[in-house]
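Here's the structure we're looking at; comments come further down.
The values are calculated or read from the model by the stated rules, or taken from the named source; none is laboratory data. For clarity, every value in this text was computed on a predicted model and none was experimentally measured. When we count neighbours, we look across all protein chains shown, and the Cβ atoms used for this are built from the backbone with ideal geometry, even at glycine. Ligands, DNA and RNA are excluded from the accessible area calculation, which covers all protein heavy atoms including side chains. Shrake-Rupley method; radii C 1.70, N 1.55, O 1.52, S 1.80 Å.
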Amino acid sequence: MFGKVLVANRGEIAVRVIRACRELGVRTVAVYSEVDRHALHVRLADEAYVLGPAPARESYLHIPRLVAVARRTGAEAVHPGYGFLSENPAFVTACREAGLTFIGPSAETMAALGDKLRARRLVRGAGIPIVPGTTEPVPDLDAAERAAVEVGYPVMLKAAAGGGGKGMRLVRERRELRSAFALARSEALSAFGNDLLYLERALERPRHVEVQILGDQHGHVIHLGERECSIQRRHQKLIEEAPSVVLTPEQRRRIGEAAVAVARAAHYEGAGTVEFLLTPDGEYYFLEVNARLQVEHPVTEQVTGVDLVKAQLAVAAGAPLPLTQAEVVLQGAAIECRISAEDPDADFLPCPGRVERLRLPEGPGVRNDAGMDAGADVPMHYDPLMAKLITWGQDRAEALARMARALGEYEISGVRTTIPFHRRVLAHPAFRAGAFDTSFIEREMGAATPPDGGLGDVALMAAAIYMSLRREGPAPAPGAAPAASPWRLEGREAQLDRWPR
């Protein structure tokens with residue numbers, strides 16, 4: 001096992017990785033931007049180094065600074081968490097060239113799977129069904145129109161380098177294609193620096209089911225069952241559960257074997273997820289691979305008993321997989337709600353601010369993966385995810401009952417959160433019956449909007465930005481000494497430094 005690991009992330013996933021490392025006796029190095037100076041992950045790590053100003057491109061996305069911190073602290077490996085640089089082949093290569101182990105798949109595997117069109121070709125070659133559509137980019141509107149006619153409307157435009165719902169547009173008929181093509185291309189260029197698009201048939205009312213995979217350096221690959229991720233808004237997941245309520249044992253076997261076949265074709269090492277769309281008639285189609293740990297990994301941990309972060313660390317250190325496929329047994333059911341600083345009654349407007357009061361729910365079958373505590377600031381600069389609430393039960397009914405109880409006990413003041421929204425979803429008869437798909441939120445819930453036509457959102461955002469800037473205070477002068485750190489005053493073995501120049 002490694003002696004020291006740099007955690008190249010923030011928030012709840014950084015806290016999650018640091019805790020797993022501590023249980024293994026591995027020392028950790030945290031990194032942070034100036035607005036995260038007093039964040040929970042910084043205080044929990046053995047060492048902490050500031051990377052730079054708040055914008056991610058000057059801190060958490062700054063590869064040379066991350067590598068420099070890892071080298072100067074003697075870290076042997078880097079755990080990327082999810083988001084930020086977790087699926088960036090250039091970061092993997094930079095780590096390798098610096099003599100650091102990247103805890104995740106190789107740069108070559110990541111590049112192959114990160115290119116959605118290349119991944120579609122690879123998966124089709126492995127005999128796995130893909131959503132009907134193009135396997136090459138559509139270079140212009142004329143090509144998109146020809147492809148749409150061949151595939152059949154409705155169609156989905158997608159960014160070839162995409163993810164997270166960015167660069168995606170649903171096109172129901174030909175007259176919508178021109179504007180959708182321009183918008184998807186612009187968004188893809190802005191989000192990924194690449195405006196190439198491809199086109200797929202838009203499946204009607206599918207479910208989003210993903211399979212957790214785990215591979216080692218010795219050619220072994222297993223899956224750890226599936227997760228149901230159909231409760232989403234604008235392609236962003238909100239609630240996840242394991243196992244899926246609709247899969248039969250035979251379907252579970254088939255989709256699991258398909259995920260393993262995809263992983264083997266890509267020579268996959270580490271933890272990852274193969275995502276599928278499941279049609280109402282039970283057919284499944286490959287969607288994409290997330291070559292990293294997923295936000296929703298805890299529900300798989302709860303039903304399998306496998307600590308995926310510890311497994312990642314062990315596999316990256318060269319150990320074989322901790323179990324065989326035959327030893328993977330799903331027990332009970334688990335559900336996860338993402339607790340974000342967003343206002344669900346104002347079209348999920350981000351609500352940065354300070355957590356004035358926090359009481360986390362407890363009790364049997366309840367797990368909290370939180371990245372903050374009372375007094376913490378929720379910056380405006382990053383994803384508003386604050387924590388994840390996970391419950392487990394002997395069956396889905398018990399897991400849902402525990403989640404309803406836990407949401408009722410959850411207390412946060414100072415920022416608006418998605419907790420009221422989760423309560424409404426859990427109370428919906430269709431959700432409780434498992435009768436939902438990826439359009440459930442838009443069809444059944446309907447995000448509330450202010451009656452003034454949206455000016456309320458602008459006012460709320462302006463107020464949130466103003467309050468966030470007030471709390472951050474002025475930026476330190478160039479060359480100024482760093483402020484005293486609370487963990488140093490407490491005698492913790494930690495290090496505060498300016499970012500590498």
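Assorted remarks:
- Set of segment 109-143 residues, backbone N closer than 14 Å to the point 7 Å along the Cα-Cβ line of ARG264: 126-128
- Size of charge dipole - segment 144-203 - debye, nearest 20, with Cβ of Lys, Arg +1 and Asp, Glu -1, no other charges: 100
- Taking other residues whose beta carbon is less than 10 angstrom from the beta carbon of GLU288, and scoring Lys, Arg as +1 and Asp, Glu as -1, yields +1.
- In plain terms, the chain from ALA374 to HIS220 could stretch by 51.1 nm, reckoned as 0.36 nm per residue minus the Cα-Cα distance.
- Here the mean projected area of the convex hull built on the C-alpha positions of segment 100-201 is 7.2 nm².
- If you take the Cα centroid of segment 123-150 and the Cα centroid of segment 305-354, the two points sit 32 Å apart.
- Nonlocal amide H pairs with GLU269, under 5 Å, H built at 1.01 Å: SER106
- Extension gain, ARG234-SER439: 0.36 nm per intervening residue step, less the Cα-Cα distance, totals 72.9 nm.
- Residue pairs, from the table LYS116/LYS237; LYS158/LYS388; LYS310/LYS388; LYS166/LYS237, whose Cα atoms sit over 25 Å apart: LYS158/LYS388
- Since only PRO132, VAL274, HIS218 are under comparison, the one whose Cα sits farthest along the positive direction of the charge dipole of the chain, derived from C-beta charges on Lys, Arg, Asp and Glu, is HIS218.
- Once both labels are positioned 7 Å from their Cα atoms along Cα-to-Cβ, the gap between ASP281 and LEU183 label points is 3.1 nm.
- Mean residue ellipticity (222 nm) of the chain, computed from DSSP H runs ≥ 4 via -39,500 (n - 2.57), nearest 500: -10000 deg cm²/dmol
- Fraction of accessible area attributable to carbon and sulfur, the chain (%, probe 1.4 Å): 52
- Each of ARG253 and GLN331 was given a label point 7 Å from its Cα along the Cα-to-Cβ line. The distance between the two points is 2.3 nm.
- Neighbours of ARG402 by Cβ distance under 14 Å: Lys/Arg scored +1, Asp/Glu scored -1, total -1.
- Total formal charge among the other residues, if their Cβ is under 13 angstrom from that of THR438, Lys/Arg +1 and Asp/Glu -1: -2
- DSSP bridge pairs, the chain: antiparallel proportion in percent, nearest 5: 80
- The magnitude of the dipole of segment 64-183, with charges of +1 and -1 set on the Cβ of Lys/Arg and Asp/Glu and taken from the Cα centre, is near 200 debye.
- Length gained on full extension, ASP307 to SER190: 38.5 nm, using 0.36 nm per residue less the C-alpha separation.
- Peptides ranked, highest mean first, by Cβ atoms within 10 Å: ranges 9-15, 251-257, 354-360, 323-329: 9-15, 251-257, 354-360, 323-329
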